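Working notes, structure below.
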Amino acid sequence: MLKKKNKSKFVGSLDKVPLNVSYLADSANFKLGLDKINLMWNKEIQHIHIGDNISLEEGKYYDNYLMTTSYSKEIQKLQKKQLEKLISIYQEKEGYPNSLIEIGCGDGSFLKHAINNISKLVGVEPSVRFSAPAKKKGYKIINGYVNSSYKITKDRFDCFVSRQVFEHLPDPLDVFLGIKSILNPGAVGLIEVPNGYKAIQKKRFYEFFPDHLNYYSVNSLVALASEAGFNVVSCHESFGGDYLELWVRNDTEDLFKKSLSNLINERKKVCSSLLKKIEVLSPKKKIMIFGCGAKTLSIFSGFKKNVSEYIDGVIDSDPNKHGLYIPNTSIKVFSILQSLKQKPDVIIILALSYIDEIKKIVRKNHPKVTILSLDKDNNIIKL
């Protein structure tokens, strides 16, 4: 998807770029190869990728790869926050995660934060040399690659992390599908990449390397996750805007379809509980509603019975509505001054976008009245 030739256009080249930007020589005056990189732009998803003139020998390349983050205190802080967020997102639906796999674990700096939080940890790292410190610390490390045609492990995981890896991949979709194949249903994950779109905007020529084959935007990361069959939890900038974080969930059920089902069930639940509350109060209390807008009419339409006998009127600030009636009821709309004659005991605010403003109006004109409304989770509350 990210490298469809018919959707990407050549926009320019950078000459004399070092082929391995992390390689440091073990002797003076060592000559490192330089090459030209062609930049290809996909306008539809705001994505830059390197043209096919660059070809890295993976085994040789990763044996000489040096890119550690364990020495940066700021990166360590970021990793701790990422782990906390990963666990928090998982707990929203699934309880506590028992397993985590990191794709491109390097020296194990991220795994270090998870060792006391998650019981089963596995790191995948193609570089034997780079992963040696992690192995010395006792972490389970698999030296190899992940793709859709080969399961690197028979285990399945609740969480995954891949930090600063996807920019290096010639076929990120294939790797994403490979990750998906070793995840449990409901698993959550984090993909962290350099913010390629910001690099373009800020003219950061020094952030374009032959080994960074893809330069992501929020749009292209979300498109990649969607094509791989993940549901996107969020995608945003981090680390001062230099990185992008993509948070995903391996849901077996379509999130949008599930949300629609939840919405229908929520209407039934809220209307039923509100009707029950009104029925309980009405024999001894005079009840009025404040707000005669779309939300009120929607809630009234969800009641399973006509509530005319329970409600003594609706208050609204709009003079154009005064004297009119709620459809399919005999409930009349009054001004706040007209409501004084009604002397309500309870006022239920259903103009939910203006609760604080209406509360002040009600308190000023009906200081002793009981005020009810719905909170952000649609629970009936007393104000």
- Task: State whether the stretch 265-382 is rounded, prolate or oblate according to the following rule on the C-alpha gyration tensor (a ≥ b ≥ c being the square roots of its eigenvalues): a/c under 1.5 gives rounded; otherwise a/b larger than b/c gives prolate, and the remaining case gives oblate.
- Result: rounded
- Task: For Cα Rg over 2.2 N^0.38 Å, several values are listed as [x] 1.39; [y] 1.22; [z] 1.00; flag the one computed from this structure.
- Result: [x]
- Taking the highest mean first, how do the peptides 224-231, 260-267, 301-308 order by number of other beta carbon atoms within 10 angstrom per residue? 224-231, 301-308, 260-267
- Message: Suppose the chain between Ile264 and Lys73 were pulled fully straight at 0.36 nm per residue; how much longer would it get relative to their current alpha carbon spacing?
- Response: 64.0 nm
- How large is the helix-only mean residue ellipticity at 222 nm for the chain, computed as the sum of -39500 (n - 2.57) over DSSP H runs with n ≥ 4, divided by its residue count, in deg cm²/dmol to the nearest 500? -9500 deg cm²/dmol
- With +1 on each Lys and Arg Cβ and -1 on each Asp and Glu Cβ, and nothing else charged, work out how big the dipole of the stretch 173-216 is about its Cα centre, in Debye to the nearest 20. 260
- Note on the structure: Taking Leu14, Leu83 and counting other beta carbon atoms within 10 angstrom, the fewest-first order is Leu14, Leu83
- Those helices of the chain passing the 18 Å axial Cα length cut-off and the mean Kyte-Doolittle cut-off of -1.0 (DSSP H runs only) are 255-281
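Here, each number is a calculation from the coordinates, and none is a lab measurement. None of these values were measured; they are calculated from a predicted model. Virtual Cβ from ideal backbone geometry, glycine too; neighbours counted across all protein chains shown.
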